[in-house]
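Since the structure comes first, as C-alpha cells, the remarks are kept for the end.
The values are calculated or read from the model by the stated rules, or taken from the named source; none is laboratory data. Note that the structure is a prediction, hence the values are computed from the model and not measured. Here the Cβ positions follow ideal geometry from the backbone for every residue, glycine too, while neighbour counts run over all protein chains shown. Heavy atoms of the whole protein, side chains included, go into the accessibility calculation; ligands, DNA and RNA do not. Shrake-Rupley method; radii C 1.70, N 1.55, O 1.52, S 1.80 Å.
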Amino acid sequence: MKILITGGTNGMGKGVAEVLAGAEKQAHEIIILCRSEMLGMKVREEIIEKTLNEKVSIVLCDLTKLSDVKHAIDEIHTQHTYLDGIFINAGLGYASERVETEDSMDPHFQVNYLSHFMLTLNLLDLLEKSQSGGRVIFNVTEGGKINWDDLQMENNWGYEAGIKQAMAAKRMFLIKLHDVYTNKTSPQLAFIGFQIPKTVWTNQINIIPAPMRMMATVMKAMGRFITIEECGEMMLPLFIEDQKQSLAKSGKLITIRKNEFIELEEDREIADQQLLEKLWEISLELCEDEETREISELLLSSQTLYPIKEN
C-alpha cells in the first residue's frame, strides 16, 4: 500500500507511519506531508533505521497556506501515479491566543479542516487509480459544531472550540464524500472517521501551560495515555484491510474497543444533507481555486476524475 500521512513527524501520524513502514515485511510505501524539511528528514531517517524500509519520503507543505497546499498537490501528482490511502491527521491543538493565517482564516479551521478539504479533493484521482481499494482515514473525535455565522471565530474565539469545529467539519466532509462515491458505480473509495479510544502522548505536551502539563503527567502515570506506537498498531488494519472491509466502514465514525472496530452514533446535525452541501460550497469559496471547483463539479456529476490530473 502507498499511504500519504499528513502530520507524520509527530504524534499519531508518526506512530502510524512507523508501524505501517514496518508491517508485512516492509511492503508499504509511506509519504509524509510535513512543514519542516529538517524534521521531516530526521523522522524519515528514524523510520528507515527502525524498520529497514527505505520506501519513505516527504512532501513539504505548510497547511496554514493554501498556496503551499497547491504546490504539494502538484508535487504529489508529479512523483506518484496512484495512492492507496491518505491519513488526514495533521492539526493544531493548544493555542494561547487567536491569530490569522496569511489567507485571513482561523488557523484551526484552515489547518485542521480546510487545507485537508482542498488536498483530499485534488488527490481523489490518485486514490481512484488504486489497485487495492482507495481509502481516506480521518483522525476525528465526537462532538463539536459549525459556527455558521462566525466560521473564523472572530467574535467568540477559543482554541478548544476551534478544534471541535474543525472536527465537526471533517466528519461532515467524510460523510459527503461517502455519499458522493456511493452514487458512483466505479471506482469506489472509502472514507472513515476514526476516534482513538485513549489520549496519545504527543509533542503537544511540550507546548501546553505548566498546570495542564503537570496534570497530563499524572494522568500518564495512571495509564490514561498510550504511546504513538500503540496508536499505530490500533489503526494499522484500517490502512491494510481489503477493500470490502474498508467500504463496510465508509461514511461512519468508528473507534476500537476490545480489539474490535465499532460504530459510534453520529450527531444528527452533522449528517444533515442541506448542511453538508452548505459546508461544501462554503469550503469551495474559501479555497478560491478553480481546479478544486472543477473537481467538485465532476464529482457531483459522478464522473471519473482521471482527466483532471492525468500524468
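If you go through region 228-259 and keep only what is among the acidic types (Asp, Glu) and within 23 Å of Thr182 (Cβ to Cβ), you end up with Glu241, Asp242. Can you find a residue that is within 12 Å of the chain's Cα centre (by Cα), more than 19 Å from Lys176 (Cβ to Cβ) and modelled with pLDDT of 95 or more anywhere in region 108-126? Yes - at least one qualifying residue is present in region 108-126. Only helices (runs of 4 or more DSSP H) whose full extent lies in region 228-311 are considered here, and the ones with at least 3 residues that are open to solvent by less than 50 Å² (accessible area, probe 1.4 Å) and touching a helix residue (DSSP H, G or I) at 6+ places or on another chain (Cβ under 6 Å) are 228-240, 273-287, 290-300.
Here is the figure for region 56-76: residues that are out of contact with any Cys (no Cβ under 8 Å at 6 or more places or on another chain), outside any loop (DSSP other than H, G, I, E, B) and either within 14 Å of His116 (Cβ to Cβ) or open to solvent by 10 Å² or more (accessible area, probe 1.4 Å) (or both) total 7.
Right, Asn155: within 24 Å of Leu66 (Cα to Cα) and under 18 Å from the mean Cα position of the chain (by Cα) or not? Against the criterion (within 24 Å of Leu66 (Cα to Cα) and under 18 Å from the mean Cα position of the chain (by Cα)), Asn155 does not qualify.
In this structure, Leu83 does not satisfy being crowded, with 18+ Cβ neighbours inside 10 Å and either of a type in the set (S, T, N, Q) or not in a loop (DSSP other than H, G, I, E, B) (or both).
Residue-wise test of (1) touching a His at 6+ places or on another chain (Cβ under 6 Å); (2) aliphatic (A, V, I, L, M).
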| position | (1), (2) |
| --- | --- |
| Glu97 | no, no |
| Glu100 | no, no |
| Ser115 | no, no |
| Met118 | no, yes |
| Arg135 | no, no |
| Ile175 | no, yes |
| Val180 | no, yes |
| Ser186 | no, no |
| Phe191 | yes, no |
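So that you can scan it fast, the table gives a plain yes or no per residue for (1) among the polar types (S, T, N, Q); (2) under 30 Å from Ala248 (Cα atoms):
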position	(1), (2)
Glu75	no, no
Gly85	no, yes
Glu97	no, no
Asp106	no, no
Phe109	no, yes
Met118	no, yes
Glu128	no, yes
Gln165	yes, yes
Lys176	no, yes
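Taking the listed residues Met118, Met38, Met105, the one that is touching a residue at least 40 places away in the same chain (Cβ under 8 Å) and in a helix (DSSP H, G or I) is Met118, with no other qualifying. Taken over region 121-149, the criterion of being of a type in the set (Val, Ile, Thr) and touching a strand residue (DSSP E or B) at 6+ places or on another chain (Cβ under 8 Å) is satisfied by Val136, Ile137, Val140. Contact annotation: residue pairs with Cβ atoms under 9 Å, 6 or more positions apart or on different chains, pairing a residue in region 1-22 that is within 19 Å of Leu124 (Cα to Cα) with a partner that is open to solvent by less than 10 Å² (accessible area, probe 1.4 Å) and acidic (Asp, Glu), are Met1/Asp84; Lys2/Asp84; Ile3/Asp84.
When the residues of region 146-166 are filtered to those that are in a helix (DSSP H, G or I), open to solvent by 30 Å² or more (accessible area, probe 1.4 Å) and not β-branched (Val, Ile, Thr), the one that is nearest to Ile86 (Cα to Cα) is Lys164. Just so you know, in region 1-47 the residues that are open to solvent by 30 Å² or more (accessible area, probe 1.4 Å) and among the hydrophobic types (A, V, I, L, M, F, W, C) include one that is farthest from Val69 (Cα to Cα), and it is Ala27. Only residues that are at pLDDT below 55 and within 22 Å of Val16 (Cα to Cα) were counted in region 208-248, giving 1.
Before we move on, is Arg98 touching a helix residue (DSSP H, G or I) at 6+ places or on another chain (Cβ under 9 Å) and surrounded by fewer than 21 Cβ atoms within 10 Å (Cβ to Cβ)? The answer is yes for Arg98. The residues in region 130-140 that are buried (at least 18 other Cβ atoms within 10 Å of the Cβ), assigned to a loop (DSSP other than H, G, I, E, B) and out of contact with any Lys or Arg (no Cβ under 7 Å at 6 or more places or on another chain) can be counted, and the count is 3. Applying the set (1) more than 24 Å from Glu294 (Cβ to Cβ); (2) at pLDDT 95 or above; (3) not aromatic (Phe, Trp, Tyr) to Asn155 leaves exactly one unmet item: (2).
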